[in-house]
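Below is one structure; the comments refer to it alone.
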Amino acid sequence: MSAVEERFGPYGGRYVPETLIAALDELAAAWAEAREDPEFRERLATLHRDFIGRPTPLYLAERLSEKTGRTVYLKREDLAHTGAHKINNAVGQVLLAQRMGKPRVIAETGAGQHGVATATACALFGLECVVYMGSEDIRRQRPNVERMGLLGAEVVPVDAGARTLKEAVSAAIRDWVANVETTHYVIGSAVGPAPFPALVRDLQRVIGEEAREQALAAEGSLPSRVIACVGGGSNSIGIFTPFVDDAGVELIGVEAAGEGLDTDRHGASLGKGSTGVLHGSLSSVIADEEGQILEAHSISAGLDYPGVGPEHAFLRDSGRASYFAVTDAQALSAFSELSRLEGIIPALESSHAIAWLLENGGGAGYDVLCLSGRGDKDLAEVIERGAGGGAGG
Amino acid sequence: MPYMMAGYPDWESSSAVAEAYAESADLVELGVPFSDPLADGPTIHAAATAALAVGATLETALEICEEIGERVPVVFMVYANMVLAHGGADVFARRALAAGAAGAIVPDLPLEEAEGVRTAFDDAGLALVPLVAPTTPAERRARICAAARGFVYVVSTVGTTGERDELPAELAGLISATKEDAEVPVAVGFGIGTPGQAAEVGRVADGVIVGSRLVRAAGEAGSADAAAEAVGSFLRETRVALGS
Ligand SMILES: Cc1ncc(COP(=O)(O)O)c(C=O)c1O
C-alpha cells in the first residue's frame, strides 16, 4: 500500500490547526487503503458507469476545429450527471466518508457545481449534507442553490469578505474543526491540506484516463496539447495526470484574468501569485507583501479563487505544464461562440479554456480540451451582462 | 494571560488595552490580524477583518509589542502565511525580537511543518509555542511537547476560538497528561470566557488564556478609555477568582 503524497516539490503540506491533524491522518490512511481495495474500486466503477454516466464522450468538434484551424476534441464532462466533473470527486469522497463511518458531510461551493454534486452523492448514500456558499455566489448561481435544496442539503450563506469561494472554504474548514469527529469535509478541488490535493486528483484522473484512451482510438496518436481551465485545479489535474509522462504532450492550464492581469481584479494564482499558504497548503497564492490573502475576481464563480492546488505550482515550476489567463470578456465571447458553433453551452469556467484555444489555433497535431461543465447555471449572469445574444456570434 | 487583536477596534483602543494588560497580566498574547484566520471563531475573525479594514498591519502589532514588551512578556498569535511571507521565518523572527517579543504561536503550523520555523526562531532567540488539541493522540502529544519552547498551548475544546458555556469534562485529564509530557509550563485557551471558568482551569493548568471575551469587551467599549477599563476590570476579577 503506497502512502498518499503530501508534497509536490516544496508545495503542499498541512498548514491547519492541530485539531484537524488526527482527522487528516485518518483520511490519508483510509484513502491509501480504499484506492487499492478491489471492492471499493469496483463500487466506484459501477457508480461511474451507472450513476454518473461514464465514460463521458470525447467529441470531435468539427465546426470549432474549422474555426481554429486545428483538430479539436472536447472531453464532455458537461454530460456527466449534475453537469460537471465535480461529481467524480464528490461521489468518490462521499463513498469514502461512508466507508469511514462519518454520518455528516460538509462542502464548500463557488459555482454551486461542487455543492450540487456533493448534495447528490449524499442523497445517494443517505448522509446529512451541509454546503457553505458565499452570498455573492448564491446570488449569481441561483439555480444551483435551488437544486441543492431539492436534494436535501442545507445551504449556509457565508457573508465574510467578498462573499465568494475563498470565504466558503474558510467557513467549511471552521465547521470541520468544530465537528471533526463526526464529519467528513468533501473539499471541491485539488486544494487544501494533504491528503486532499492527491485524493481529489486520484478521483479526477478518470477524466484523463478515458480521454487518453479515446484520443488514441480516434487518432492513433497522442494529442499535441491538452487544455483545461484552472480554478482550484481539479478538472485540469484530472485530465493532465495520465499525460504527464507523455513528454510530447503539452499541458495547458487556463486561469481567470478577470478584468485583466494588469489590474488587481483577476484569479491568476499561478500566473500572478507568489508562494504562500492558503487553506492548509503551501502553493501559489494571490497575496500582498505582508502575507494577507487578496480577493480574487472572475466572472466565473468557479475560478474566483486566490489559490490553486499545490501540484499545479509544482508542474508550473518544473515546466511540465504551462499556464495562461483569459479575461472575463474573452470568456464571455467564447461562451457564445461555442454555443453557436457546436450547440453546446459551456460553463463560464470551461469557456476560459475555449477562449484560449480560439486565440491559439493553427499548427500541427490535435487538441483535447476538457469541457468541465455545462453553462445552464450561468445563463442569468451572462444575460445580465448583455452578452447572451450575440457578443461573440 | 489575556489575548488582544492588534489594531482592534482601532489603534488607540488597542494601545490602551495593551497598557491595561501590561499592568496586570502575566503574559500577553498579541494577535496579528490576518485575512483568513482558520483557527478563529466569529469574534476574533470579525476583529481581524475590522482591524485590517482600519489599516492594521504586522507593523501595528510590532509597535504595540514595543510599547509593552519590556514590562510583560509578549507572544504573538500569528498565522503561518505572515511568518513565511516576505523574507521568511528568519526575517519575521528578527523583527519580532527587535520589537521585544518573547515568542509566537502559529496556530496553523503543526509539528510536521514547524521545523524550519522553529530553527529560525531558535537562532533568533524567539520561542515557538506549539499547540496540543483534544484530538491529538498521546504519542503525538509527547512529540509536540518535546519540541516545545516557552510553553505548551492546550486547546481546550474541539473547535475554533470563541466563548463557550461549558468546558469539556475531559479537559482536566488533557491538561494533566500534557503537564506530564512537557518540561515547560502548560497554558490553556479557547473557550474560556468567565472568571469562574478561568479559575476552574487554573486549578490544573499553569496558565489560562482568555481571548474572545476580552476582544468582545474591547470592541463593545466605544472608546479607548472604556476599552482599557473594561478589560482591566475583567482581568482584576479573574485574578481574584484565580487567587493569584
Ligand atoms: C464547470 C466547472 N469547471 C471548472 C471549475 C473550476 O474548478 P477546478 O479548477 O477545480 O476544476 C468549476 C468550479 O466550480 C466548475 O464548476
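The values are calculated or read from the model by the stated rules, or taken from the named source; none is laboratory data. Please read all numbers here as calculations on a predicted model, not as lab measurements. Heads up, the Cβs are rebuilt from the backbone with ideal geometry, glycines too, and the neighbour counts pull from every protein chain shown.
General remarks:
- Checklist (1) surrounded by fewer than 21 Cβ atoms within 10 Å (Cβ to Cβ); (2) closer than 20 Å to A:Ser372 by Cα; (3) touching an Asp or Glu at 6+ places or on another chain (Cβ under 9 Å); (4) aromatic (Phe, Trp, Tyr) applied to A:Phe51, failing item: (3)
- As a summary of the residue check, A:Glu36 satisfies the conditions (1) surrounded by fewer than 22 Cβ atoms within 10 Å (Cβ to Cβ); (2) assigned to a helix (DSSP H, G or I) except for the one numbered (2).
- Qualifying residue in segment B:159-171 (condition: hydroxyl-bearing (Ser, Thr, Tyr) and surrounded by fewer than 21 Cβ atoms within 10 Å (Cβ to Cβ)): no
- Residue check, A:Lys67 under 28 Å from A:Gly192 (Cβ atoms), basic (Lys, Arg), modelled with pLDDT of 95 or more and outside any loop (DSSP other than H, G, I, E, B): no
- Residue ID - farthest from B:Asp26 (Cα to Cα), chosen from residues in segment B:135-150 that are more than 8 Å from every other protein chain (Cβ to nearest Cβ) and surrounded by fewer than 19 Cβ atoms within 10 Å (Cβ to Cβ): B:Glu139
- B:Ala18 being in contact with a Leu (Cβ under 9 Å, 6 or more places away or on another chain), crowded, with 24+ Cβ neighbours inside 10 Å, of a type outside the set (S, T, N, Q) and closer than 18 Å to B:Ala80 by Cα: no
- Helices (runs of 4 or more DSSP H) enclosed by segment A:274-393 - at least 3 residues per element that are under 28 Å from A:Asn144 (Cα atoms), aromatic (Phe, Trp, Tyr) and more than 14 Å from chain B (Cβ to nearest Cβ): none
Per-residue answers, yes or no, for (1) within 14 Å of the ligand (Cβ to nearest atom); (2) free of Cβ contacts under 8 Å to residues at least 40 places away in the same chain:
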{"position": "A:Thr263", "(1), (2)": "no, yes"}
{"position": "A:Asp288", "(1), (2)": "no, yes"}
{"position": "A:Asp328", "(1), (2)": "no, no"}
{"position": "A:Ala331", "(1), (2)": "yes, no"}
{"position": "A:Ala334", "(1), (2)": "yes, no"}
{"position": "A:Glu337", "(1), (2)": "no, no"}
{"position": "A:Ile345", "(1), (2)": "yes, yes"}
{"position": "A:Ser351", "(1), (2)": "yes, no"}
{"position": "A:Gly362", "(1), (2)": "no, no"}
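- Subset of segment B:225-244 that is over 21 Å from the mean Cα position of the chain (by Cα) and at pLDDT 95 or above - its residue that is surrounded by the most Cβ atoms within 10 Å (Cβ to Cβ): B:Ala226
- Cβ-Cβ contacts under 6 Å between residues 6 or more apart (or on different chains), taken from a first residue in segment A:234-254 that is assigned to a helix (DSSP H, G or I) to a second residue that is away from the ligand (no atom under 16 Å from the Cβ) and of a type in the set (Val, Ile, Thr), are listed as A:Phe243/A:Val249.
- Pairs with Cβ under 7 Å, 6+ apart, first in segment A:215-232 and farther than 12 Å from A:Arg70 by Cβ and away from the ligand (no atom under 16 Å from the Cβ), second hydrophobic (A, V, I, L, M, F, W, C) and in a loop (DSSP other than H, G, I, E, B): A:Ala215/A:Leu222; A:Leu216/A:Leu222; A:Leu222/A:Val249
- Elements of type strands (runs of 3 or more DSSP E) contained in segment B:12-109, each with 3 or more residues being without any contact (Cβ under 8 Å) to a residue 60 or more places away in the chain and under 30 Å from A:Leu24 (Cα atoms): none
Conditions tested, residue by residue: (1) modelled with pLDDT of 95 or more; (2) within 14 Å of chain B (Cβ to nearest Cβ); (3) in contact with a strand residue (DSSP E or B) (Cβ under 9 Å, 6 or more places away or on another chain).
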{"position": "A:Cys122", "(1), (2), (3)": "yes, no, yes"}
{"position": "A:Arg147", "(1), (2), (3)": "yes, no, no"}
{"position": "A:Glu181", "(1), (2), (3)": "no, yes, no"}
{"position": "A:Gly188", "(1), (2), (3)": "yes, no, yes"}
{"position": "A:Ala198", "(1), (2), (3)": "yes, no, yes"}
{"position": "A:Leu216", "(1), (2), (3)": "yes, no, no"}
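- Residue, modelled with the lowest pLDDT, within segment A:1-22, restricted to residues that are more than 7 Å from chain B (Cβ to nearest Cβ) and either out of contact with any Pro (no Cβ under 8 Å at 6 or more places or on another chain) or assigned to a helix (DSSP H, G or I) (or both): A:Met1
- Subset of segment B:6-40 [more than 24 Å from B:Gly150 (Cβ to Cβ) and facing chain A (nearest Cβ under 10 Å)]: B:Ser35, B:Asp36
Per-residue answers, yes or no, for (1) buried (at least 24 other Cβ atoms within 10 Å of the Cβ); (2) in contact (Cβ under 8 Å) with a residue 12 or more places away in the chain; (3) closer than 30 Å to A:Ala29 by Cβ; (4) away from the ligand (no atom under 11 Å from the Cβ):
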{"position": "A:Val105", "(1), (2), (3), (4)": "yes, yes, yes, yes"}
{"position": "A:Thr120", "(1), (2), (3), (4)": "yes, yes, yes, yes"}
{"position": "A:Glu128", "(1), (2), (3), (4)": "no, yes, yes, yes"}
{"position": "A:Asp137", "(1), (2), (3), (4)": "yes, yes, no, no"}
{"position": "A:Ala178", "(1), (2), (3), (4)": "no, no, yes, yes"}
{"position": "A:Ser189", "(1), (2), (3), (4)": "yes, yes, yes, no"}
{"position": "A:Ala194", "(1), (2), (3), (4)": "yes, yes, yes, yes"}
{"position": "A:Val200", "(1), (2), (3), (4)": "yes, yes, yes, no"}
{"position": "A:Glu210", "(1), (2), (3), (4)": "no, yes, yes, yes"}
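- Restricted to strands (runs of 3 or more DSSP E) entirely inside segment B:110-209, those with at least 1 residues that are farther than 24 Å from A:Ala22 by Cα are B:127-129.
- Segment A:290-320, subset within 13 Å of the ligand (Cβ to nearest atom) and among the small types (Gly, Ala, Ser), residue surrounded by the fewest Cβ atoms within 10 Å (Cβ to Cβ): A:Ala296
- Note on segment A:70-103: among residues that are outside any helix (DSSP H, G or I) and touching a Phe, Trp or Tyr at 6+ places or on another chain (Cβ under 6 Å), the one that is farthest from the ligand (Cβ to nearest atom) is A:Thr71.
- When B:Leu109, B:Leu84, B:Leu131, B:Leu52 are checked against the criterion of being within 10 Å of chain A (Cβ to nearest Cβ), surrounded by 24 or more Cβ atoms within 10 Å (Cβ to Cβ) and out of contact with any strand residue (DSSP E or B) (no Cβ under 6 Å at 6 or more places or on another chain), a single residue qualifies: B:Leu109.
- From the list A:Ala334, A:Ala347, A:Ala391, the one residue that fits, being more than 20 Å from A:Gly69 (Cα to Cα), at pLDDT 95 or above and in contact with a helix residue (DSSP H, G or I) (Cβ under 9 Å, 6 or more places away or on another chain), is A:Ala347.
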